[in-house]
Amino acid sequence: MSVRQDGEWLIIHCCASCGELSANRVAGDDNPLALVRLATRPLADPRYASRLLYAV
């Protein structure tokens, strides 16, 4: 997850095959609870955050 300076949220995808990063804007009809769960996942499991740091 990422947040622009104007407050817009983006979902950052990392391709499992090639490692390419892409960003998708969050839509108005996206589930807010699912977005918060994505954003807080690294806080719930520190191993997840460290794995992402090495993947990028």
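Here are some notes:
- Scanning the stretch 16-37 for residues being in contact with a strand residue (DSSP E or B) (Cβ under 8 Å, 6 or more places away or on another chain) and either in contact (Cβ under 8 Å) with a residue 40 or more places away in the chain or not in a strand (DSSP E or B) (or both) gives a total of 3.
- Subset of the stretch 17-28 that is loosely packed, with under 10 Cβ neighbours inside 10 Å and more than 19 Å from Asp6 (Cα to Cα) - its residue that is modelled with the lowest pLDDT: Gly19
- Residue list for the stretch 32-56, filter: surrounded by fewer than 11 Cβ atoms within 10 Å (Cβ to Cβ) and at pLDDT 85 or above: Pro32, Leu33, Ala34
The values are calculated or read from the model by the stated rules, or taken from the named source; none is laboratory data. This one's a predicted model, so the numbers in the text were calculated from it and none came from an experiment. Don't worry about glycine lacking a Cβ; one is built from the backbone with ideal geometry, like all the others, and counts go over all protein chains shown.
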